[in-house]
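Since every read-out is calculated from the coordinates, none of them should be taken as a lab result. Quantities reported herein were computed from a predicted structural model and do not represent experimental measurements. Glycine also receives a Cβ, built like all others from the backbone with ideal geometry; neighbour counts cover every protein chain displayed.
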Amino acid sequence: MDKSVSAVQPAPRARVQAMKEYHPPLGNRDAMRLDFNENTIACSPKAREVLGRISAADLTRYPERAPVERIFAKHLGIAPEQLVLTNGVDEAIHVLFETFLESGDELLLPVPTYTMYEVYASATDARAVTVQAADDLQFPYERLLSAITPRTKIIAIANPNSPSGSIATREQIIEIAQRAPQAVVLVDEAYFHFYGETVIDLIDTLPNVVVARTFSKAYGLAGLRIGVLAGPVESMQWVRRVLSPYSVNSLALACLPPALEDSGYLDWYVGEVIAAREEFAAALDAEAVRRWPSHANFILVEIGAKHAEFVRLMSAGGVLVRDRSNDPGCDGCVRITIGTREQMREAVGVLNKTMETLRGKKDGR
């Protein structure tokens, strides 16, 4: 080795060194996937048909998102200039934070909530200010209003929220936006289809409201990574300056229009999940497992000190669930994704056996 060459490695900027890390527990998931809130069956058959027709020559071209943005804008009833398609909702969040957060700013974050908000904020020079929900894990509306300051630049509201499944009402979101006109109010509607209510129309009347959506949940396109950010035209113009023009791949862009067209499949899947959610909630009640009301495609349950063992036993029974004990206010809690009624009836059988084991029962019910 040439001794004149330094062995010192280039150092990243201090903010990156201080960033929070997030390592999703993916690994081997060859079981019933009730751990990441994905579509548990498949995407639309029409989307799969299009995917099968993509040629090798198609893959040599750079992706062009503008035509698909026009299609989706029409689907939402807004102007194409009011939205940008992104590489999953994660890129939407990341780019929004990079666009609006700078030194001295604050991200206001009701917790527990989606982990990546704080991760992406930690990559900027802004400060994350968390507002803890009460034991009922309902949206901490009054506490959030009290935490708004002149330094508040973004308020991130997952609606419905994960992992709790709780919601902020339309009236609450409007009041928050009016109380913080200097801040972008991000309403993340990743689980919109399982709730059925949106505030996307507010982007025409409130200049600081921005809405995010994903196609990883109800649409079943998590592997293709596509999301959307919708807001006032001027805000989207600034976001486009930061956003890569090629970040959404051609496969995702090809599959989105047929997925949007196949409303029959989407309605069927969402209907299955909502019906299964009610059935599974009743099964939890029968087992006397504390749960929180959910407006999404999952239910948060309290297992207590044996939460890790619960996850292990469910997995051994062929059902993957997600330990959320490290989330603020969620000690001993596990989140369970809701699939179809057939899947969840199978999951109930595993749940019953798991609870029997945890409680030390020797006889079945």
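Calculate the translational D of the range 1-153 in whole µm² s⁻¹ from Stokes-Einstein, where the hydrodynamic radius comes from the Kirkwood formula applied to all Cα pairs, the temperature is 25 °C and the viscosity 0.890 mPa s.
The Stokes-Einstein estimate is 121 µm²/s.
Please name whichever of Val131, Met32, Ile54 sits farthest to the positive end of the charge dipole of the range 11-135, dipole taken about the Cα centre and charges placed at Cβ: Lys and Arg +1, Asp and Glu -1.
Ile54
Over all pairs of distinct alpha carbons, what does the Kirkwood formula give as the hydrodynamic radius of the range 271-333, in Å?
12.4 Å
Please list, ordered by chain and number, the residues whose modelled amide H lies under 5 Å from the amide H of Leu206; skip anything fewer than 5 residues away on the same chain.
Answer set, sorted by chain and number: none.
Counting every Cα pair in the range 127-190, what percent are over 13 Å apart?
That fraction is 62 percent.
Would you please put 10-17, 158-165, 338-345, 284-291 in order of how densely packed they are, using the mean number of other Cβ atoms within 10 angstrom per residue and starting with the highest?
In descending order of packing, they fall as 158-165, 338-345, 284-291, 10-17.
Classify the range 179-264 as rounded, prolate or oblate, taking a ≥ b ≥ c as the square roots of the eigenvalues of its Cα gyration tensor: rounded when a/c is under 1.5, otherwise prolate if a/b is larger than b/c and oblate if not.
oblate
Tell me whether the range 163-307 comes out rounded, prolate or oblate; compute the Cα gyration tensor, take square roots of the eigenvalues as a ≥ b ≥ c, and use a/c under 1.5 as the rounded threshold.
Because a/c hits 1.5 or more and a/b fails to exceed b/c, the range 163-307 counts as oblate.
Scattering from the C-alpha atoms of the chain alone, worked out with Debye: what is log10 I(q)/I(0) at q = 0.08 1/Å?
Reported log10 I(q)/I(0), two decimals: -0.43.
So for the pair Ile71, Ser325, with labels modelled 7 Å out along Cα→Cβ, what separation do we get in nm?
4.6 nm
How far apart, in nm, are the 7 Å Cα→Cβ label points at Asp136 and Ala308?
3.3 nm
Plugging the Kirkwood radius over Cα pairs into Stokes-Einstein for the range 80-227, at a temperature of 20 °C and a viscosity of 1.002 mPa s, what D comes out in µm²/s?
So the translational diffusion coefficient is about 140 µm²/s.
With a ≥ b ≥ c taken as the square roots of the eigenvalues of the C-alpha gyration tensor of the range 209-250, please select rounded if a/c is under 1.5 and otherwise prolate if a/b is larger than b/c or oblate if it is not?
It comes out oblate by the Cα gyration axes.
Got the relative contact order for the chain handy, in percent, Cα pairs under 8 Å and 6 or more residues apart?
Here the relative contact order equals 22 percent.
Figure the gain on full extension for Val8 and Arg127 (residue separation times 0.36 nm, minus the Cα-Cα span) and round it to one decimal in nm.
Gain on extension, Val8 to Arg127, equals 39.8 nm.
Could you tell me how far the Cα centroid of the range 168-215 sits from the Cα centroid of the range 306-365, in Å?
33 Å
For Val184, enumerate residues with amide H under 5 Å from its amide H, sequence gap 5+ or separate chain, H modeled in the peptide plane.
Hits under the 5 Å cutoff: Ile154, Ile155.
Under 17 Å Cα to Cα from Lys217, which aspartates and glutamates show up? Leave out anything in the same chain fewer than 8 places away.
Asp35, Glu38, Asp90, Glu91, Asp188, Glu189, Glu197, Glu261, Asp262, Asp267, Glu272
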